[in-house]
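Below is one structure, written out as structure tokens; comments come after it.
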């Protein structure tokens, strides 16, 4: 499968000198990404990505930032929910990492580290993946509320208090 927003960079173009790429998704790419991520639309997706090789070419460090305008769907009313997304991110592609299919342990405090396979790094796909991770998983239109009353958290209930009530009963 070819990614919707593909901007491949060949590894032989990447050196220890950082190189900058300014990329922007066209209308067709934004429409395809919107479909992929179940969005009502993407009005803008632009990014600056910097690449450099490290450790004798066994590692490629990608540092970037993107700016996007997306329209999500409210999980309560199904109304459009506009979102401005801007994020800086970093990814390390490493030839010494386990290939796909093997367990990869991710620490939330670390930079994403992925196996480096083949002879390209797709900086457009890296931006698309970061965009997807930045989307609100449960977007709500202003003032949208769920029918059916309060949740225990809204009413101030605390689960351990409820359990303590059971413990007190003889």
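A short reminder: the numbers here are calculations on the coordinates, not readings from a lab. Nothing here was measured: the structure is a model prediction, and the numbers come from that model. Every residue, glycine as well, gets a Cβ built from its backbone with ideal geometry; the counts of neighbours run over all protein chains shown.
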*How long is the gain from residue 84 to residue 37 if the chain were fully straight, where each residue apart is worth 0.36 nm and the alpha carbon distance is subtracted?*
15.4 nm
*94, 67 arranged by Cβ crowding within 10 Å, fewest neighbours leading*: 67, 94
*Rough spin-label spacing in nm, given labels placed 7 Å along Cα→Cβ, for residue 147 and residue 135*: 2.6 nm
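In what sequence, highest mean first, do 2-9, 45-52, 112-119 appear when ranked by Cβ atoms within 10 angstrom?
Values: 2-9: 17.1, 45-52: 19.4, 112-119: 14.6.
Per-residue mean Cβ counts within 10 Å order the peptides as 45-52, 2-9, 112-119.
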*Considering only DSSP beta bridges whose two residues both sit in region 8-145, what percent are antiparallel, to the nearest 5?*
90 percent
*Which residues in region 52-66 have a backbone N closer than 18 Å to a point placed 7 Å from the Cα of residue 19 along the Cα-to-Cβ line?*
52-65
*Rg to Rh for region 8-145: what is it, with Cα atoms only and Rh by Kirkwood?*
1.03
